[in-house]
Amino acid sequence: CVVSVTNVPPPHSTIRPGSPVPVNTNNPEVRKAARFGVYRYNNSSNDLFLFKESQIKKAMVQIVRGLKYMLHVEIKRTVCKKRDHSSLDGCHFQRKKNLQRMLRCYFEVWITPWTHKVHILVAHCH
């Protein structure tokens, strides 16, 4: 998978490698990282339906041989069935009360832009 990271700070930036800093939850790279965490959750869950991120509550980024995102994300069950392998973008959240489900997740997503690699270090949802 190809990931482009456009907001790597310049060398003279105040961000030092190793120290996590808060990052805007609406940042496109943060949203992309959250989606990778959701993919991991969906691949490991035995739910009939796919889940999708509904809200990114908190985001941190740490520069460690790439960018490590630490994300607190709420995910909700969609109407898309897993076996249909739908694109999550077209999946709407469940409207039926008995099928609605929300989980709180913590994801650590490590992206190395120059190798186009994404590693999901932690994907914990409850």
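The values are calculated or read from the model by the stated rules, or taken from the named source; none is laboratory data. Just so you know, these numbers come straight off a predicted model, no measurement behind them. Please note: Cβ atoms are built from the backbone with ideal geometry, for glycine as well, and neighbour counts cover all protein chains shown.
List pairs: first residue in the stretch 104-126 and on the phi < 0 side of the Ramachandran plot, second residue surrounded by 14 or more Cβ atoms within 10 Å (Cβ to Cβ) and basic (Lys, Arg) anywhere in the structure, Cβ distance under 6 angstrom, at least six positions apart or on different chains.
Cβ pairs passing all conditions: Trp110/Lys68; Ile120/Arg40; Ala123/Arg40.
Considering only the stretch 33-57, state which residues are touching a residue at least 40 places away in the same chain (Cβ under 8 Å) and of a type in the set (A, V, I, L, M).
Ala33, Ala34, Val38, Leu50
Which of the residues that make up the stretch 36-69 are of a type outside the set (S, T, N, Q), outside any loop (DSSP other than H, G, I, E, B) and closer than 16 Å to Pro113 by Cβ? First the steps, then the outcome.
Step one: list which residues in the stretch 36-69 are of a type outside the set (S, T, N, Q), which gives 36-41, 47-53, 56-61, 63-69.
Adding the requirement that they be outside any loop (DSSP other than H, G, I, E, B) leaves 36-41, 49-53, 56-61, 63, 67-69.
Matches in the stretch 36-69: Phe36, Val61, Ile63, Leu67, Lys68, Tyr69.
Looking at the stretch 91-102, is at least one residue on the phi > 0 side of the Ramachandran plot and either touching a residue at least 60 places away in the same chain (Cβ under 8 Å) or not charged (D, E, K, R) (or both)?
Our first condition is that a residue be on the phi > 0 side of the Ramachandran plot; within the stretch 91-102, this holds for none.
Scanning the stretch 91-102, I find no residue that is on the phi > 0 side of the Ramachandran plot and either touching a residue at least 60 places away in the same chain (Cβ under 8 Å) or not charged (D, E, K, R) (or both), so the answer is no.
Of the conditions (1) at pLDDT 95 or above; (2) surrounded by 15 or more Cβ atoms within 10 Å (Cβ to Cβ); (3) farther than 18 Å from Lys76 by Cβ, Ala34 satisfies every one except a single condition; which number is it?
Going through the list (1) at pLDDT 95 or above; (2) surrounded by 15 or more Cβ atoms within 10 Å (Cβ to Cβ); (3) farther than 18 Å from Lys76 by Cβ, Ala34 breaks only (3).
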